[in-house]
1. Residue under question is A:VAL328, and the condition is that it be under 30 Å from A:THR385 (Cβ atoms) and surrounded by fewer than 17 Cβ atoms within 10 Å (Cβ to Cβ); does it hold?
2. List every residue pair whose Cβ atoms sit under 6 Å apart, with the two residues 6 or more apart in sequence or on different chains, where the first one lies in the range A:462-482 and is modelled with pLDDT of 80 or more and the second, anywhere, is assigned to a helix (DSSP H, G or I).
3. For the range A:367-379, indicate whether the set of residues that are more than 14 Å from the chain's Cα centre (by Cα), under 20 Å from A:LEU515 (Cβ atoms) and within 14 Å of chain B (Cβ to nearest Cβ) is non-empty.
4. Taking the range A:425-460 only, how many residues are within 14 Å of chain B (Cβ to nearest Cβ) and of a type in the set (Val, Ile, Thr)?
5. Tally up the residues in the range A:102-132 that are touching a Gly at 6+ places or on another chain (Cβ under 6 Å) and in a helix (DSSP H, G or I), please.
6. Only one of (1) assigned to a helix (DSSP H, G or I); (2) modelled with pLDDT of 80 or more; (3) surrounded by 12 or more Cβ atoms within 10 Å (Cβ to Cβ) fails for A:GLY283. Which number is that?
7. Looking at A:ALA437, A:ALA495, A:ALA483, A:ALA416, which is the one that is out of contact with any strand residue (DSSP E or B) (no Cβ under 7 Å at 6 or more places or on another chain) and outside any loop (DSSP other than H, G, I, E, B)?
8. Return the residues of the range A:521-574 that are more than 9 Å from chain B (Cβ to nearest Cβ), touching a helix residue (DSSP H, G or I) at 6+ places or on another chain (Cβ under 6 Å) and assigned to a loop (DSSP other than H, G, I, E, B); say none if nothing qualifies.
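The values are calculated or read from the model by the stated rules, or taken from the named source; none is laboratory data. Just so you know, these numbers come straight off a predicted model, no measurement behind them. When we count neighbours, we look across all protein chains shown, and the Cβ atoms used for this are built from the backbone with ideal geometry, even at glycine.
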Amino acid sequence: MSADAEPAPSADPEERFFVPAPAPPLPEDVPDGWQRLSSRVIWVDLAIVVISLLPAGIALAIGLDSGGGGGLWPLIGIAVFGAFGAVADAVRWLFTRYRVSSTHVELKTGVLFRVHRSIQRDRIRSVDAEAKLRHRLAALRVLEIGAGQQTAARESALKLDALSVDDAYAIRHELLDPVAVAADDPAPSIAVDGDFAAADGVDSIGAADTAGPGADGKRPAGAAETASDSPRAPTDEGTATGDEQPIAVFWRFEPRWVVFHVLSVWAYVVVLGLGWGGVALLGTFGIDVVDIVSGLVNWDAIGPLGTAAIAFVAATIGGVLALAVAFVTEYWGYELARVRGQEGTLLRTRRGLFTRREVNRAEHRIRGMQLSEPLLWRWMGATDTTVVTTGLSLWAVDQPASILPRGPLRVHRRVAGEVLDPEHAPLSAALTPHPRAALRRRLWWATLVTLAVAAILGWLVVTDVVPAVALVALIVVWPLTLAGAVVAYRALGHAIVGPYLVTRSGLNRRATVALQRDAVSTIVLRESLFQRRLGLRSVGTMTAAGRGGYDTLDLMRDDALAFATQAAPGLLDPFLVRGGE
Amino acid sequence: MLQALFFPGPVLIGAIVAYALWDSARPWLIVVLVGAALMVLVAVLVEPFWRYRVHRWETTDEAVYALTGWLVREWRVAPLSRVQTVDGIQGPVEQLLGLSTLRVTTASSRGAIEIGGLDKATADRVAEDLTRIAQITTGDAT
């Protein structure tokens with residue numbers, strides 16, 4: 001896929017589906033097979049040198065030496081940094097060779113430290129193409145070849161930086177060869193459970209069930225696409241479209257969702273950062289922003305209150321605009337699709353206006369789905385959706401587990417249902433509310449928190465640290481905590497839907513989790529002294545995927561046992577006779 | 001089969017050290033001191049016996065089970081088919097008393113089951129049994 005062929009948000013998938021792509025020669029045809037990276041890398045480096053020299057050049061040209069040259073240092077720094085980086089990159093290019101043989105992919109690089117890395121082709125789990133703006137302008141792609149175990153650390157085993165678009169996709173096509181895999185009976189490729197099993201070819205227990213979301217309902221559609229694909233497959237053999245055609249596209253970028261991204265405290269942080277940076281930068285050119293702004297209006301006439309109001313409004317507008325720009329650059333052209341991969345299907349997201357990011361998640365490792373609704377934005381239905389899966393870091397900055405930008409709950413729920421399991425749609429199921437005792441427990445805790453605050457405040461008043469007026473705060477604190485208790489209680493819910501257990505809880509972020517029951521590896525029943533008085537018990541279902549475990553809080557004692565028994569079929573049976581617990 | 005846990009030991013030592021350090025501090029710290037002393041008393045006189053009364057464990061050919069806690073009770077069950085490792089751990093105090101802790105981990109980072117205060121021979125025997133059974137059953141639901 002070249003830069004100009006990026007899917008427009010409204011592009012018809014069928015149309016792109018049948019566009020034949022030219023066949024670039026495979027790089028393997030060279031006798032000993034060692035290849036250089038694309039020579040365009042050098043041109044890009046040259047361009048970077050020129051660009052990084054520009055600001056300093058301009059500053060010199062318009063001749064501001066007013067600050068005794070001191071103001072120029074940051075610009076000179078930028079120029080030196082940019083030029084050095086580019087030269088180093090060019091040298092790296094000079095000393096780098098790669099080779100794709102029938103068994104290995106090899107890379108030699110380094111000037112002072114020669115590195116020779118090789119990776120067996122049957123160990124390759126993922127081949128991802130990434131492009132920063134400069135790569136897209138030069139029709140280059142960075143190819144990251146990953147082998148299983150590295151995916152958790154988000155580091156690739158091998159990185160080819162950078163290849164021409166055609167070469168990159170030819171190599172990716174050859175390494176992953178999705179057509180050959182998809183043409184086989186799809187069932188065995190999906191039923192493989194995890195990397196260890198995949199390596200040994202061992203079929204694991206529960207594999208038939210874990211294949212559930214992929215095999216149920218979705219397969220007919222996928223098979224139909226494969227069938228319609230096969231007649232033209234021979235003619236396409238060996239060509240790299242560079243873009244495995246999606247089996248299904250679930251969601252495409254919608255500009256309207258910007259609303260969900262601009263209302264945030266971050267707006268002010270961004271404004272402060274940008275403002276400070278802007279003032280500093282313009283200062284180096286001898287423009288004093290503070291002077292200009294204070295000369296704009298007669299601030300004394302407006303008064304401090306008016307000034308604050310104007311500053312607030314200006315900051316809000318600026319922050320919202322900045323966040324809107326950030327949203328567009330980050331999520332432009334977002335596409336959530338199911339594509340064929342080496343072992344079954346992949347869930348692929350692509351996004352980004354300048355830097356294109358692509359993340360592929362193996363669907364046979366997905367154990368569930370989580371919808372999470374932050375409290376402050378619940379009135380507008382803002383939701384984040386993440387997949388519950390193994391091998392993806394939850395804490396990485398780019399959030400690989402997240403499959404949609406924040407948006408309306410309705411769409412998130414629909415898409416998550418379609419992706420996970422359209423037949424059972426566990427996330428749309430009606431949840432059983434929890435007993436009133438759970439509400440009582442929360443109200444008690446709210447009151448206890450208030451009392452603790454009261455005790456501390458009272459003590460501080462007695463010791464004259466704060467004035468007695470501070471006790472008024474209690475009038476605010478108690479209703480707030482009580483309201484929080486009610487909200488938290490209303491968030492509680494659970495259900496068993498087909499092969500899934502669904503549980504919902506959370507005050508600050510109400511999280512609805514659908515988890516495959518077969519993925520539960522440990523069951524935990526918890527009962528505090530306080531819960532025992534109220535006859536409550538919490539159930540924890542521990543799993544390898546996602547956060548490692550999901551709790552269902554405060555069920556009646558017998559319901560908890562029943563839910564735990566259902567949540568992991570057969571797991572508790574040997575112990576149930578022994579007096580129940 | 002069950003042994004009391006020597007959990008509060010470090011807490012007690014910590015409190016004594018804290019007391020010595022805080023002796024010269026301002027008088028309102030006395031509240032903290034009383035609180036700490038109370039907690040130490042409870043930890044020494046109440047918690048071990050309470051825990052000893054509560055704690056239970058059992059293993060079968062299919063699963064491991066443990067009940068722990070005192071104020072908050074926890075039942076944990078893991079099927080052996082999901083068990084990844086079985087470890088025997090001996091802390092310094094445990095070594096002194098000839099005890100051992102059995103830790104059974106599953107693929108989940110939050111799914112480990114710990115059975116504390118077993119005598120060493122039992123812990124070793126159970127660990128061996130579990131390892132043998134876990135090898136027979138395959139798959140860990142990762």
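1. On the way: under 30 Å from A:THR385 (Cβ atoms): yes; surrounded by fewer than 17 Cβ atoms within 10 Å (Cβ to Cβ): yes.
Yes, satisfied.
2. Going by the 6 Å Cβ cut-off, the qualifying pairs are A:LEU474/A:ALA454; A:VAL477/A:THR450; A:VAL477/A:VAL453; A:TRP478/A:THR450; A:THR481/A:ALA446; A:THR481/A:VAL449; A:THR481/A:THR450; A:LEU482/A:ALA446.
3. We begin by selecting, within the range A:367-379, every residue more than 14 Å from the chain's Cα centre (by Cα); these are A:367-368, A:373-379.
Of the ones still in play, those that are also under 20 Å from A:LEU515 (Cβ atoms) are A:367-368, A:373.
So of that shortlist, the ones also within 14 Å of chain B (Cβ to nearest Cβ) come out as A:367-368.
Checked the range A:367-379: at least one residue is more than 14 Å from the chain's Cα centre (by Cα), under 20 Å from A:LEU515 (Cβ atoms) and within 14 Å of chain B (Cβ to nearest Cβ).
4. Residues in the range A:425-460 being within 14 Å of chain B (Cβ to nearest Cβ) and of a type in the set (Val, Ile, Thr): 1 in total.
5. Quick first cut of the range A:102-132, residues touching a Gly at 6+ places or on another chain (Cβ under 6 Å) only: A:125-126.
Cutting the leftovers down to in a helix (DSSP H, G or I) gives us none.
Here the count works out to 0.
6. All conditions are met except number (2).
7. Details: A:ALA437 fails: out of contact with any strand residue (DSSP E or B) (no Cβ under 7 Å at 6 or more places or on another chain); A:ALA495 fails: out of contact with any strand residue (DSSP E or B) (no Cβ under 7 Å at 6 or more places or on another chain); A:ALA416 fails: out of contact with any strand residue (DSSP E or B) (no Cβ under 7 Å at 6 or more places or on another chain).
Answer to the check: A:ALA483.
8. A:GLY535
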